[in-house]
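First the structure, which I've put down as structure tokens, then a few questions once you've had a look.
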Amino acid sequence: MSATCSRPGSWLPAAPGQTWALLPFKTLQRAKSRLSDELDCQQRQALARALCARVMEACQRSSALDGVLVATGSDEIARMARRRGQLPLPDPAGRAGLPAIVDRGVALLGEAGVSRVLVLMGDLPRVSARDVTELLAQHQGDELLLTPDLDRRGTNAMVFAPQSGLRTQLGRPGSLALHRAEARRVGLRTRVVVQPAIAFDLDDARGYRRLHTLLPPHICPP
């Protein structure tokens, strides 16, 4: 991630022409509730913390990004972001909902002059800096680039211009189709790129059971 410069009148250290990532994270207390049959509360929090660190590190190490905005209602996750030189966007009550907090971050990045935003989900245990860089390299001009989940129904990453007026649909059932419809509404071309490391998310018990075969024990609690 390269250094950024300040733009007059903006609280974000961003400049026109830059590319930023926007990472939405739930509070640790609310994270991974679908795994309550597999893990107790402390284990779910430990897993969510490790996933946050993984996604943050992937963005921090990507040479294609100029900055990272972390949208969260968690003080702990905000501290994790600051330690990495990333900028927290607080959701004090933690109740805004995923599309609302993401849209707020996208709007702020657009106002700061950022030309591209990568919205990346926070539960991707295989994502790396190389995946982030390669995905951004595939984005072509005035388009919405979507990366689906393994089921090809949800959306795990998206790249677009924050000034496009697009309303995100992340976290909603069938978000991939919803994003395509939203792109048509605002006049954006849509392209879907399947990237295995980004497609694999940890959203339910099925994903958790697969995770045991992919990550070491200190990342994946027993």
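The values are calculated or read from the model by the stated rules, or taken from the named source; none is laboratory data. Nothing here was measured: the structure is a model prediction, and the numbers come from that model. Cβ atoms come from the backbone with ideal geometry, glycine included; neighbour counts cover every protein chain shown.
Of the numbered conditions (1) at pLDDT below 95; (2) in a helix (DSSP H, G or I), CYS59 fails exactly one; give the number of that condition.
Condition (1) is where CYS59 drops out.
Take ALA64 and decide whether it is at pLDDT 95 or above, buried (at least 17 other Cβ atoms within 10 Å of the Cβ) and in a loop (DSSP other than H, G, I, E, B).
So ALA64 fits the description; yes.
Which one of the conditions (1) surrounded by 19 or more Cβ atoms within 10 Å (Cβ to Cβ); (2) at pLDDT below 70 does SER33 fail to meet, given that it meets all the rest?
Every condition holds for SER33 apart from (1).
Follow-up question, since we're still on this one. Can you tell me which residue in region 36-56 is modelled with the highest pLDDT, limited to those that are under 16 Å from the mean Cα position of the chain (by Cα) and small (Gly, Ala, Ser)?
ALA53
Looking only at region 178-204, filter to residues that are among the small types (Gly, Ala, Ser) and surrounded by 14 or more Cβ atoms within 10 Å (Cβ to Cβ); which one of those is modelled with the highest pLDDT?
Checking each candidate, the answer is ALA183.
Within region 166-199, how many residues are part of a helix (DSSP H, G or I), among the hydrophobic types (A, V, I, L, M, F, W, C) and touching a residue at least 12 places away in the same chain (Cβ under 8 Å)?
Residues flagged as part of a helix (DSSP H, G or I), among the hydrophobic types (A, V, I, L, M, F, W, C) and touching a residue at least 12 places away in the same chain (Cβ under 8 Å) within region 166-199 amount to 7.
Output the residue which, of all residues in region 10-30 that are under 13 Å from ASP123 (Cβ atoms) and in a loop (DSSP other than H, G, I, E, B), is modelled with the highest pLDDT.
LYS26
It is to be established whether one or more residues within region 97-114 are over 19 Å from PHE160 (Cβ atoms) and either among the aromatic types (Phe, Trp, Tyr) or surrounded by fewer than 20 Cβ atoms within 10 Å (Cβ to Cβ) (or both).
Checked region 97-114: at least one residue is over 19 Å from PHE160 (Cβ atoms) and either among the aromatic types (Phe, Trp, Tyr) or surrounded by fewer than 20 Cβ atoms within 10 Å (Cβ to Cβ) (or both).
Starting from residues that are among the acidic types (Asp, Glu) and touching a residue at least 12 places away in the same chain (Cβ under 8 Å), keep the ones in region 135-165 and report whichever is nearest to LEU176 (Cα to Cα).
ASP149
Still on this model: Could you list, in sequence order, all residues of region 129-152 that are modelled with pLDDT under 95 and more than 13 Å from PRO196 (Cα to Cα)?
Answer for region 129-152, where residues must be modelled with pLDDT under 95 and more than 13 Å from PRO196 (Cα to Cα): GLN140, GLY141, ASP142.
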